[in-house]
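Below is one structure, written out as structure tokens; comments come after it.
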Amino acid sequence: MRIALLNGPNLNLLGRREPHLYGRDTLADVEARVRAVGAELGVEVECWQRNGEGELIDVVHACAGRFAGAVVNAGAYTHSSLALRDALVGVSLPFVEVHVTNVHAREPERHRSMLAAVAIGAVVGLGTFGYELALRGLVRTLRARADAAADVAPAPLREGARG
């Protein structure tokens, strides 16, 4: 199973940007820990960070059919980008939304997520540890869905049987 880790604008500044809010972990630290959790779970994780909305959407499009799901921290695009929401839905990429800070305890404009209604779930306010939890939740959910689908799959017809 392959999982995409998608980070939006300014997340390349983790560790330097407002450390009192976002902590001192860098994006490279986050990616290394998420890849390690992926290895523990038996999944491959590929990571991208893009500051431009169109560039991030291009990455989502490139994930179509290549990844089972994604962990997405869309940064400020969470609160403004219908285009990103439509891209995730359009390529049928199941995802968990993650935020380092508790966006619900911050400025009012950060309280609404354009992605939440189409996400499997969300992890907010747990610092960069939230990425690891999001990956664990995503993989568990995808595996449960695959198991459920296998349980309802019709049995193949025996040779000579008519259907």
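Only the coordinates and a few stated rules stand behind these numbers; no lab work does. This structure is a prediction, so every number in the text was calculated from the model and none was measured. Here Cβ is always computed from backbone atoms with ideal geometry, including for glycine, and neighbour counts include all displayed protein chains.
Quick notes on this one:
- For segment 13-107, average projected area of the Cα convex hull in nm²: 6.6 nm²
- Placing pseudo-labels 7 Å out from each Cα toward the beta carbon at ARG17 and ALA39 gives an inter-label distance of 2.8 nm.
- Computed over the chain with a Gaussian network model linking Cα atoms closer than 10 Å, the most mobile of ALA36, ALA119, ALA150 is ALA150.
- Theoretical FRET efficiency, 1/(1+(r/R0)^6), r = Cβ-Cβ of LEU82 and ASN102, R0 22 Å, to 0.05: 0.40
- The alpha-carbon atoms of the chain, seen along their principal axes, cover 69, 33, 27 angstrom, with the largest extent given first.
- Based on the Stokes-Einstein relation at 20 °C and a viscosity of 1.002 mPa s, and on the Kirkwood radius from alpha carbon pairs, segment 73-126 is assigned a translational diffusion coefficient of 191 µm²/s.
- Working note: 222 nm ellipticity from helices only, DSSP H runs with n ≥ 4, each -39,500 (n - 2.57), summed and divided by the residues of the chain, gives -12000 deg cm²/dmol to the nearest 500.
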